[in-house]
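Colleague: Right, I'll just put the structure down here and ask away after.
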């Protein structure tokens, strides 16, 4: 009987101890979990809050309750992107929550000129250019001669190509024609030699010189034997005045400043260069001259022609007689 009572009392004591332990655990879980240790507010809100070395994080505004937060001082870190972070210490007495009000300061902006330069874009190297073959040099074009020379009966005809320069002709005789500027007749060339000089119009300095003679001629230098004079314009034969047939030599057929004066000879005459002749017009003597040369007969001059010294009074159609 006594043993039964003892067993009952022991069991009741054991049940009482278990009940007290369970009640303690329930009170700790319900009471301690609801204790707020820190209240954190920030301006602006939305900042991240960390306490000491806890792995948890909270976002403001927040009330922090954690079993690891005991009475004493704790490190609190508040950070928000674009603002300076805040680190401070707060004291918790174990009963009333500690309050922390933080005003965050924006970070200073970096001026544009201090911002790091953007890397330059990568530019691909251009494709190598194939070398171009050098162009063939243009052929050298020789300038045309400054003068042209043409062989004529009794001499040469000179045509000047370079009209920009001043001209000087060194010759024994130079015949010009006003109707043909730039053309000159040079009697007895060759064998006579002629030097044509081109001068600077302002300084008279010799720019170029061309020699015409036995060598270096711009045209053939061989004089044809007894060349006929240039063909004159055929005009109706004027009626000759009545003269002594024995004195008549012929009639003037060509009067040219370039080629000179030519007389159409009568048949059967024997004349010599240097012989003096008379020029008549309308039966009156108008001039005296001398024969320079005698040319052979051709189609225009059937009995030959005589070139005479030029006189200003001689005209085409004048009668020519021998001097008595």
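Colleague: Arrange 257, 310 by Cβ neighbour counts within 10 Å, fewest through most, would you?
Modeller: On the way: 257 13, 310 16.
The order, fewest Cβ neighbours first, is 257, 310.
Colleague: Tell me, 77, 92 in order of fewest to most beta-carbon neighbours within 10 Å?
Modeller: 77, 92
Colleague: Using alpha carbon coordinates only, what is the Rg to Rh ratio of segment 147-212, with Rh defined as the Kirkwood radius?
Modeller: Looking at segment 147-212, the ratio lands at 0.96.
Colleague: What is the projected area of the convex hull of the Cα atoms of segment 245-289, averaged over all directions, in nm²? Show your work: numbers first, answer last.
Modeller: Working: hull surface 15.3 nm².
The directionally averaged projection comes out at 3.8 nm².
Colleague: Could you give the C-alpha radius of gyration of segment 269-321 expressed as a fraction of 2.2 N^0.38 Å, taking N as the number of residues it contains?
Modeller: Numbers: Rg = 11.4 Å, N = 53, 2.2 N^0.38 = 9.9 Å.
Rg over 2.2 N^0.38 Å, computed on Cα atoms: 1.14.
Colleague: May I ask you to sort 203, 176 by Cβ crowding, counting other Cβ atoms within 10 Å and putting the fewest first? All intermediate terms of the calculation are to be shown ahead of the outcome.
Modeller: Working: 203 9, 176 14.
Going from sparsest to densest Cβ surroundings: 203, 176.
We did not get these values from a lab; they are worked out from the coordinates using the rules stated. Note that the structure is predicted; figures quoted are calculated from it, not measured. In this analysis, Cβ positions are derived from the backbone assuming ideal geometry, glycine residues included, and neighbour counts consider all displayed protein chains.
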